[in-house]
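The values are calculated or read from the model by the stated rules, or taken from the named source; none is laboratory data. As the structure is a prediction and not an experimental result, all values here were calculated from the model. Please note: Cβ atoms are built from the backbone with ideal geometry, for glycine as well, and neighbour counts cover all protein chains shown. For accessibility, only protein heavy atoms count, side chains too; no ligands or nucleic acids. Shrake-Rupley method; radii C 1.70, N 1.55, O 1.52, S 1.80 Å.
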Amino acid sequence: AGLAHVAKAVTAMLRDRLSILTYHRVHSGPDPMFPGATTARDFARHAAILRRFFNVLPLAEAAARLQERSLPAFAVCITFDDGYRDNLTVALPVLRRYGLPATVFVASGFTDGGLMWNDIVIEALRSTAREDVSCDELGIGRMLLSSADARRAAVESILGELKYRPPEERGAIAQSLAARLHAVLPRDLMLNRAELIALHKAGVTIGAHTVTHPILARLEPAAADREIRSSREALVALIDSDVTLFAYPNGKPNVDYRQEHVRQVMTAGFTAAVSTVAATARDSSDRFQLPRYGTWDRSRARFALRTALNHVRT
């Protein structure tokens with residue numbers, strides 16, 4: 001009787017929890033500059049584990065069932081941030097193979113050839129023929145670019161300095177750096193309009209992620225509201241379907257966004273939103289600040305264990 005009571009309590013606890021996984025890019029193969037980045041092989045391993053041991057639900061359904069306390073045990077959602085093209089070309093075939101739903105949060109201003117400021121820096125340092133670089137605007141002296149490791153270190157230094165600068169400033173510095181490096185930047189890193197529509201028609205949920213991916217806490221209230229509302233309006237017009245889910249850029253509460261931005265998301269017509277707080281969601285969680293956590297394990301066993309353990313994290 002005692003064991004049965006414990007088993008019943010554990011099962012009830014697992015049914016009251018939701019793990020939301022966060023991905024960004026899924027590379028077709030290893031990236032020399034970022035050897036830890038998720039590849040198609042990694043993602044397929046994750047998908048196989050999720051299909052076998054977890055209950056993967058669409059995010060909108062899971063958010064509603066979380067509040068209703070009707071989730072199955074080991075409920076999981078898959079999300080992608082930013083709107084990279086490889087979400088369609090690499091991730092979607094894996095999702096289809098395993099029959100898994102997913103949500104892609106799109107920064108609407110970068111469709112049709114746009115690049116986010118951080119990708120401008122990354123791709124400029126990746127493609128340049130230069131052997132060194134300096135960024136006087138950021139107080140960063142000469143950095144070597146003689147190896148993939150050195151280029152990655154330079155990327156991390158520059159992104160760290162730029163991350164919380166005003167949006168116009170960080171964009172201008174990124175573009176200036178790319179020009180000085182004579183970099184050839186890709187025009188197909190992000191989803192274009194046709195590809196975004198194709199992703200939607202394939203059954204992937206499209207969510208909003210602002211227009212230009214700013215740190216909302218660094219904007220004036222009216223500018224933040226425009227970023228939130230305009231992203232939804234642009235995506236609704238593009239896919240001809242409602243957009244009810246939102247992801248805060250960077251996503252740290254009281255650092256990257258504040259309570260006023262939560263209210264703006266609520267009044268903009270969304271029904272749920274996600275942060276980047278690494279925890280499991282419960283029925284008491286704010287549905288406009290649902291926690292998510294990133295995935296990086298390549299081992300099947302480690303990924304399965306980490307995902308299972310997330311269900312007991314608060």
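Here are the numbers for the structure shown:
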item	result
Residue among I228, I239 that is touching a helix residue (DSSP H, G or I) at 6+ places or on another chain (Cβ under 8 Å), open to solvent by less than 10 Å² (accessible area, probe 1.4 Å) and not charged (D, E, K, R)	I228
Criterion (farther than 24 Å from S241 by Cα and in contact with a strand residue (DSSP E or B) (Cβ under 9 Å, 6 or more places away or on another chain)) met by exactly one of A304, A268, A273, A281	A281
Members of the stretch 97-112 found to be touching a Ser or Thr at 6+ places or on another chain (Cβ under 8 Å), open to solvent by 20 Å² or more (accessible area, probe 1.4 Å) and either among the aliphatic types (A, V, I, L, M) or part of a loop (DSSP other than H, G, I, E, B) (or both), listed by number	P101
Options V6, V94, V90: the member that is farther than 27 Å from F288 by Cα, out of contact with any Ser or Thr (no Cβ under 6 Å at 6 or more places or on another chain), at pLDDT 95 or above and part of a helix (DSSP H, G or I)	V94
Only listed residue being within 26 Å of A272 (Cβ to Cβ) and crowded, with 19+ Cβ neighbours inside 10 Å, chosen from L92, L125, L115	L92
Positions within the stretch 48-78 being within 25 Å of L189 (Cα to Cα) and surrounded by fewer than 21 Cβ atoms within 10 Å (Cβ to Cβ), in sequence order	none
Residue count for the stretch 144-175, restricted to those that are of a type in the set (A, V, I, L, M, F, W, C), free of Cβ contacts under 8 Å to residues at least 60 places away in the same chain and either open to solvent by 30 Å² or more (accessible area, probe 1.4 Å) or out of contact with any helix residue (DSSP H, G or I) (no Cβ under 8 Å at 6 or more places or on another chain) (or both)	5
Residue count for the stretch 225-262, restricted to those that are of a type outside the set (S, T, Y), in a helix (DSSP H, G or I) and within 20 Å of G114 (Cβ to Cβ)	12
All positions within the stretch 244-292 that are within 16 Å of the chain's Cα centre (by Cα) and at positive phi	N250, G251
Any hit, the stretch 183-196, residues being surrounded by 16 or more Cβ atoms within 10 Å (Cβ to Cβ) and assigned to a helix (DSSP H, G or I)	yes
